[in-house]
Amino acid sequence: MSGFSMALSEDQLAVRDWLHGFAADVIRPAAAEWDEREETPWPIIQEAAKVGIYSLDFYAQQYFDPSGLSIPIAMEELFWGDAGIGLAIVGTTLAAVAVLANGTEEQVGTWVPQMFGTPDDVKVAAFCSSEPDAGSDVSALRTRAVYDQATDEWVLNGTKTWATNGGIANVHVVVATVDPELGARGQASFVVPPGTKGLSQGQKFKKHGIRASHTAEVVLDAVRVPGHCLLGGKEKLDERLARARERAAAGTAGSSGGRNAAMATFEASRPAVGAQAIGIARAAYEVALDYAKTRVQFGRPIIDNQGVAFALADMRTRIDAARLLVWRASWMAANQQPFTAAEGSMSKLYAGETAKWVTAQAMQLLGGNGFTREYPVERMHRDSAIYTVFEGTSEIQRLVIARTVSGMPIR
Ligand SMILES: Cc1cc2nc3c(=O)[nH]c(=O)nc-3n(C[C@H](O)[C@H](O)[C@H](O)COP(=O)(O)OP(=O)(O)OC[C@H]3O[C@@H](n4cnc5c(N)ncnc54)[C@H](O)[C@@H]3O)c2cc1C
């Protein structure tokens with residue numbers, strides 16, 4: 001490698017500008033409407049599919065960028081447009097990443113295209129890990145998967161909650177336990193193909209923010225899926241379970257320790273989620289900056305007050321710092337650098353907290369207008385709040401960072 005550069009390539013700049021145009025022309029103007037409707041914005045997803053933004057090809061191209069930066073750049077621009085619609089457009093990728101991280105090449109080829117559908121018949125996908133009694137503690141999953149050797153099928157039973165696109169998805173990826181005694185090590189991920197009997201949507205949640213993104217319970221009642229729907233295949237699972245049982249017998253691993261299917265998905269997606277938060281923060285900062293330059297009180301623009309100008313300086317500084325953490329983690333992941341200081345978690349923690357803080361500052365700088373739905377910052381603030389909760393809460397990110405950097409079993 002010759003030298004060090006932080007300049008984006010021409011390709012990256014072109015993708016950024018293209019997505020920014022789509023976010024500004026299509027997503028942003030529709031944001032308030034879909035937030036009020038609290039429904040999946042199918043026409044916008046379809047438009048994204050028509051121009052090639054909602055497609056397997058698009059994400060595959062971005063994922064293969066060796067710098068790792070194309071995904072965070074794409075996320076930031078789409079979520080700059082609007083986070084609810086942004087999540088409706090990219091929610092499918094969480095399920096796709098689960099298949100990419102845990103599945104065989106054949107499984108990727110079979111299921112991922114069905115997650116997106118076609119521009120004329122768009123589909124979405126859902127990743128179902130969380131349960132009513134297993135949120136931060138992913139080792140506590142109760143959804144069971146039992147193998148039926150006679151038919152070479154897996155039978156899934158349980159209730160999933162908080163699933164983005166749950167119940168409306170064409171393909172669901174479900175994390176279930178095959179051996180509860182092994183905790184997280186006894187879990188595996190399964191594809192539930194379109195139209196499978198026994199899978200139904202439970203309650204659809206009415207949310208504080210990202211309201212254009214559908215979030216619901218998913219009930220699995222004796223759902224039978226063919227053996228080939230186990231991600232990674234049975235041989236690999238049996239080997240993994242045997243190793244985990246040996247370790248458990250030797251007392252070398254706690255039942256909840258170690259890498260598991262859900263964690264593999266989260267690790268890969270944390271910096272990308274951080275980039276979404278940065279998109280929201282940047283959007284709110286830009287509105288606040290414009291407002292501070294034009295709003296006149298005491299005969300001068302409010303930005304003439306150091307208190308206001310310094311708030312904007314801090315907002316911008318934190319946004320840029322968050323982006324650097326996200327880009328570092330993304331580069332490391334793409335270049336097989338191990339996260340020895342939990343850099344992925346660091347990036348998500350800081351970006352999520354930054355989005356919440358920046359959007360709150362923006363509301364304050366807009367005064368009474370910031371409190372109304374006439375201006376977008378109150379929506380951005382509501383949307384930002386999920387970024388300290390999903391994909392691991394801020395507390396869980398701190399736990400991961402603290403354990404990683406200290407090597408201590410911090411609880
Ligand atoms: C809008 C939305 C979309 C979502 N999408 C998906 C999805 O697509 N798929 C999916 O599987 N899940 C999804 N989730 C679930 C999300 O990942 C969980 O809500 C999150 O992991 C937190 O779990 P919980 O809500 O059960 O909170 P809990 O785990 O019950 O946490 C409650 C509080 O306790 C704190 N806490 C818990 N344990 C500790 C600890 N050890 N130390 C310190 N503090 C702790 C937490 O930080 C939090 O503040 C979604 C959630 C929402 C709200």
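The values are calculated or read from the model by the stated rules, or taken from the named source; none is laboratory data. Note that the coordinates shown come from a computational prediction; the quantities given were computed from them, not determined experimentally. Heads up, the Cβs are rebuilt from the backbone with ideal geometry, glycines too, and the neighbour counts pull from every protein chain shown. Accessible surface is based on the protein model in full, side chains and every heavy atom, while ligands, DNA and RNA are left aside. Shrake-Rupley method; radii C 1.70, N 1.55, O 1.52, S 1.80 Å.
Per-structure values
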{"item": "Number of the exception - residue 405 against (1) over 23 Å from residue 271 (Cα atoms); (2) open to solvent by 20 Å² or more (accessible area, probe 1.4 Å)", "result": "(1)"}
{"item": "3 or more residues closer than 30 Å to residue 237 by Cβ: qualifying helices (runs of 4 or more DSSP H) within the range 1-103", "result": "56-63, 92-102"}
{"item": "Residue selected from the range 372-387 under the condition within 15 Å of the ligand (Cβ to nearest atom) and surrounded by fewer than 20 Cβ atoms within 10 Å (Cβ to Cβ), by the criterion nearest to residue 349 (Cα to Cα)", "result": "385"}
{"item": "Residue in the range 193-232 that is most open to solvent (accessible area, probe 1.4 Å), counting only those that are in contact with a helix residue (DSSP H, G or I) (Cβ under 6 Å, 6 or more places away or on another chain) and farther than 20 Å from residue 149 by Cα", "result": "208"}
{"item": "Whichever residue in the range 39-66 is in contact with a helix residue (DSSP H, G or I) (Cβ under 7 Å, 6 or more places away or on another chain) and open to solvent by 30 Å² or more (accessible area, probe 1.4 Å) and, among such residues, is nearest to residue 121 (Cα to Cα)", "result": "47"}
{"item": "Close pairs (6 angstrom Cβ cut-off, 6 or more residues apart or separate chains): closer than 23 Å to residue 225 by Cβ in the range 195-215, open to solvent by 30 Å² or more (accessible area, probe 1.4 Å) and away from the ligand (no atom under 14 Å from the Cβ) anywhere", "result": "198/221; 198/222; 200/219; 202/219"}
{"item": "Residue count for the range 125-151, restricted to those that are small (Gly, Ala, Ser), out of contact with any Phe, Trp or Tyr (no Cβ under 6 Å at 6 or more places or on another chain) and under 30 Å from residue 54 (Cβ atoms)", "result": "4"}
